[in-house]
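Enquirer: Take this structure first; my questions come after.
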Amino acid sequence: MVSRWACDRCGFVAWTRDRSEMADVTGSHLLAHHSDALSKSDFRVSWDCPYCATAKTAYDTDGAVAEFKTHLHEHVVDRIAGGTHVADLVGWDGVVRVDAPAAGDEADPLRTHFHGAAGLAVAVTPTPERLVRALDGALDAWPRRTVIVSTGEYDFEATPDVDFEGRNAEIVELDPRLSPDEVGETVSRILDANHEPGERVSLEVSVFHQIVAAFDVERAVAFVRMLAARLGDAGGVLQLYVDADADRNVATVLNFLDETIDLTVAVDDGRFVRRP
Ligand SMILES: [Zn+2]
Ligand SMILES: [Zn+2]
């Protein structure tokens, strides 16, 4: 679980693993909203709090800015919620776009955050060994059931310490030539066979770029909409890992999916953020 702070002036939301980390986030963010409250003149820097009567003038610019940030943080510290999950923002039911390269480890804290809070975790990934290592390293206990759909052959020598039977996990190797419809059908069958009523589902799609590259925009859009609808029946969160800068077609598909995507988050320095 993580702590959450939502700015009440814009749509910015940040989640940090440790509540104390939030001071950096709130202070910098609020300072950006109130930059005119900070002024420099005659070799000195002054700040004038927009929320209360406190004002300071100092020669030490860095010190004054840091003090102002800490002061701003104190005004919102009561509104930091503890014990939250990113998926709470969509009621554990919807599509979350994660702005991070699918094959890198930058987003692993977010992957394990989602999967670790689910009863059934399903991941379609080109790098299954990395996901298994991330889950094993981050979680005290794996989900009740984990199904990893790999687009290549799983290399068991890459995860020698992981006992799959003890973790109720299964690797399904997918033919990389399969169409989006066939990938969707595979996921649908996995949900049928493994989902227990009332259980949260975390569905990771880290092959979105491959699907967009191999098929046209229309089919890629239809694939995500179909998966979202299928997951809507079971109740769960679909996470789409995308790097819109890497591929122009991915950006086009994401535009079409604007209505389908309920929340967009990024990983910033180990923290999770929603930018307005
Ligand atoms: Zn804001
Ligand atoms: Zn103040």
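The values are calculated or read from the model by the stated rules, or taken from the named source; none is laboratory data. Everything numeric here is computed off the predicted structure, so don't read it as measured data. As a convention, Cβ positions derive from the backbone with ideal geometry for all residues, glycine included, and neighbour counts pool all protein chains shown.
Enquirer: Kindly provide the set of residues from region 57-93 that are of a type in the set (D, E, K, R) and within 15 Å of the chain's Cα centre (by Cα), ordered by number. Lay out the reasoning, then the answer.
Expert: Of all residues in region 57-93, those of a type in the set (D, E, K, R) come to 60, 62, 67, 69, 74, 78-79, 88, 93.
Selection gives 88, 93.
Enquirer: Would you tally the residues in region 194-214 being closer than 19 Å to residue 117 by Cβ and assigned to a loop (DSSP other than H, G, I, E, B)?
Expert: So the count comes out to 7.
Enquirer: I'm trying to understand the selection: among the residues of region 87-126, which are surrounded by fewer than 18 Cβ atoms within 10 Å (Cβ to Cβ), closer than 17 Å to residue 210 by Cβ and in contact (Cβ under 8 Å) with a residue 12 or more places away in the chain?
Expert: Within region 87-126, 101, 103, 126 meet the criteria.
Enquirer: Under 24 Å from residue 108 (Cα atoms), in contact with a His (Cβ under 6 Å, 6 or more places away or on another chain) and either in contact (Cβ under 8 Å) with a residue 12 or more places away in the chain or surrounded by 18 or more Cβ atoms within 10 Å (Cβ to Cβ) (or both): is that true of residue 206 in this structure?
Expert: When the stated conditions are applied, residue 206 does not pass them.
Enquirer: Assess whether residue 198 counts as being surrounded by fewer than 19 Cβ atoms within 10 Å (Cβ to Cβ) and touching a residue at least 40 places away in the same chain (Cβ under 8 Å).
Expert: Details: surrounded by fewer than 19 Cβ atoms within 10 Å (Cβ to Cβ): yes; touching a residue at least 40 places away in the same chain (Cβ under 8 Å): no.
Considered against the rule, which asks whether it is surrounded by fewer than 19 Cβ atoms within 10 Å (Cβ to Cβ) and touching a residue at least 40 places away in the same chain (Cβ under 8 Å), residue 198 comes out as no.
Enquirer: Let me ask you something else. Test of understanding: among 65, 77, which residue is farther than 23 Å from residue 263 by Cα and buried (at least 16 other Cβ atoms within 10 Å of the Cβ)?
Expert: 65
Enquirer: I'd like to verify a number: residues in region 10-27 that are modelled with pLDDT of 95 or more and within 16 Å of ligand 2 (Cβ to nearest atom), how many?
Expert: Count: 2.
Enquirer: Also: Given the conditions (1) outside the structural domain of residue 199 (by TED's automatic domain parsing); (2) touching a Leu at 6+ places or on another chain (Cβ under 9 Å); (3) more than 16 Å from ligand 2 (Cβ to nearest atom), which single one is not true for residue 48?
Expert: (3)
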